[in-house]
Amino acid sequence: MDSGTAIANGECLGWAARDPSGILSPCKFSRRAVGSNDVSLDITYCGVCYADVVWTRNKHGHSNYPLVPGHEIVGIIKEVGSNVQRFKVGDYVGVGTYVNSCRECQYCDDGLEVHCSKGAVLTFDGIDVDGTITKGGYSSYIVVHERYCFRIPESYPPELAAPLLCAGITVYTPMIRHSMNQPGKSFGVIGLGGLGHLAVKIGKAFGLKVTVFSTSISKKEEALTLLGADNFVVSSDEQQMKALCNSFDFILDTASGDISFDLYLSLLKTAGVLVLVGFPSEVKFSPGSLNLGAKTISGSVTGGTKQTQEMLDFCASNKIYPNIEVIPIQYANEALERMIKKDVKYRFVIDIANSLK
């Protein structure tokens, strides 16, 4: 993970949580020097992900403070190392959920760096190449090895690109892995938040028949009219659910709440797949729900570098745009509280360039 010869470093302004209260406030810190294979980018926008809540509030019990969250980063390159080939000063680039990996294992060789055998280095609260703790995109700039940066297509608005760096790739990856890019297949989406609304849009671009499952009838009009879903089902309505038995090729669970896995497995066709991208507290189902019908439950996180760039290009060429609410950094604490209450349609994006001073 050698970053090469250091050529510059400097003070960075950010917003950090100091303790498990998760309350963010301004802070200053030093970024590592720019190495020969690194780029330094001035951050213009950063999406707000539920991971920001989890880490700032120490939900996993291993957060290192002060903690600067943010892993849906878009910025403009201001400096490149001497060996950088893919980018130049002035390019718009994105940075996602990880900023390094061993680059030697089979997963890194296959472009699946997120599954690096030695563990991918997270964009925040990971161990950087210089031994310091990584700090995320709620900050003025960041230094990253060029391999973990992604070109933002010229036609794509940078503020809309931010949510794609986590939410977008998180739903795109399992769809590709399970061949759910084939027109005419039936696709169910559980939950209609930051991930779910992008799953609907990407699914429609693939030519799928998309059904949204939600506990809230109030989201029906948005799902059908605003996002273009083909069908909307209130998941608590037993009659509606039973009517869909054996009708889906693929169901994506984007929510982290506990669901009836036996019920959703019954909705799958023979050899159908249920994929979790959220983190429910437990997974319970009868073995017969899998065995009868040769069904599968699978898990997924984000994606590798190759697939992330592919996803960005796909969204640009198909004019897939997240629905966002742009906010100043000073609103970050309120945004995190609103996210917990699911009071956002559908992703907050912080305007770093115009508000972090």
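The values are calculated or read from the model by the stated rules, or taken from the named source; none is laboratory data. Everything numeric in this text was worked out from a predicted model, so none of it was measured. No Cβ is skipped: glycine too gets one built from the backbone with ideal geometry, and neighbour counts run over all protein chains shown. Only protein heavy atoms, including side chains, enter the accessible area calculation; ligands, DNA and RNA are left aside. Shrake-Rupley method; radii C 1.70, N 1.55, O 1.52, S 1.80 Å.
Computed across segment 311-357, the Kirkwood radius stands at 12.0 Å (inverse of mean 1/r, all Cα pairs). Relative to one another, the C-alpha centroids of segment 297-332 and segment 91-154 are positioned 16 Å apart.
So how far, in whole Å, is the C-alpha centre of segment 21-54 from the one of segment 234-278? The distance from the Cα centre of segment 21-54 to that of segment 234-278 comes to 37 Å.
Take the cross-link list Lys319/Lys345; Lys219/Lys269; Lys220/Lys342; Lys135/Lys341; Lys306/Lys345 and give me the ones stretching past 20 Å between alpha-carbons. Provide the component values of the computation, followed by the final result.
On the way: Lys319/Lys345 18 Å; Lys219/Lys269 26 Å; Lys220/Lys342 16 Å; Lys135/Lys341 26 Å; Lys306/Lys345 29 Å.
Cα-Cα > 20 Å for Lys219/Lys269; Lys135/Lys341; Lys306/Lys345; rest within.
Charged side chains reduced to their Cβ positions (Lys and Arg at +1, Asp and Glu at -1) give the chain a dipole of some 400 debye around its Cα centre.
Both radii were evaluated on the Cα set of segment 135-293; the Rg over Rh quotient, with Rh as the Kirkwood radius, amounts to 1.01.
In terms of overall dimensions, segment 37-117 has a Cα radius of gyration and Dmax of 15.0, 40 angstrom. Per residue, the chain exposes an accessible area of 41 Å² to a 1.4 Å probe, with every protein chain left in place.
Whole-Hz Karplus values for segment 101-112 come out as 6, 5, 6, 10, 7, 5, 6, 5, 4, 8, x, 10 Hz, taken residue by residue from phi with 6.51 cos²θ - 1.76 cosθ + 1.60 and θ = phi - 60°; glycine and proline positions read x.
If segment 1-146 were replaced by its equivalent ellipsoid, with semi-axes equal to the square roots of 5 times the Cα gyration tensor eigenvalues, what would those be, largest first, whole Å? Mind dumping the intermediate values first?
On the way: eigenvalues 110, 70, 36 Å².
They are 23, 19, 13 Å, listed largest first.
Highest average first, the peptides 200-210, 347-357 ordered by how many other beta carbon atoms sit within 10 Å of their residues are 200-210, 347-357. Annotation: the antiparallel percentage among DSSP beta bridges lying fully within the chain is about 55.
Computed from backbone phi with θ = phi - 60° and the Karplus coefficients 6.51, -1.76 and 1.60, the 3J(HN,Hα) list for segment 151-168 is 6, 7, x, 4, 7, 9, x, x, 5, 7, 6, 3, x, 5, 6, 10, 4, x Hz; x is used for glycine and proline.
Applying a 10 Å radius around every beta-carbon, put 127-137, 294-304 in order of their mean neighbour count, most first. Please list the in-between numbers first.
Details: 127-137: 19.8, 294-304: 17.9.
Peptide ranking by packing, descending: 127-137, 294-304.
Scanning residues 5 or more positions from Gly126 or on other chains, those with amide H under 5 Å from its amide H are Thr134, with H placed 1.01 Å from N in the peptide plane. Here the 3J(HN,Hα) profile of segment 203-215, calculated from phi with Karplus coefficients 6.51, -1.76 and 1.60 at θ = phi - 60°, is x, 5, 5, 7, x, 8, 8, 9, 10, 9, 9, 8, 7 Hz, Gly and Pro shown as x.
Both radii come from the Cα set of the chain: Rg as radius of gyration, Rh as Kirkwood radius; their ratio Rg/Rh reads 0.98.
Of the heavy-atom accessible surface of the chain (probe 1.4 angstrom), what whole percent is carbon and sulfur? List each step's numbers first, then the result.
Numbers: 7500 of 14790 Å².
Carbon-and-sulfur percentage of accessible area, whole number: 51.
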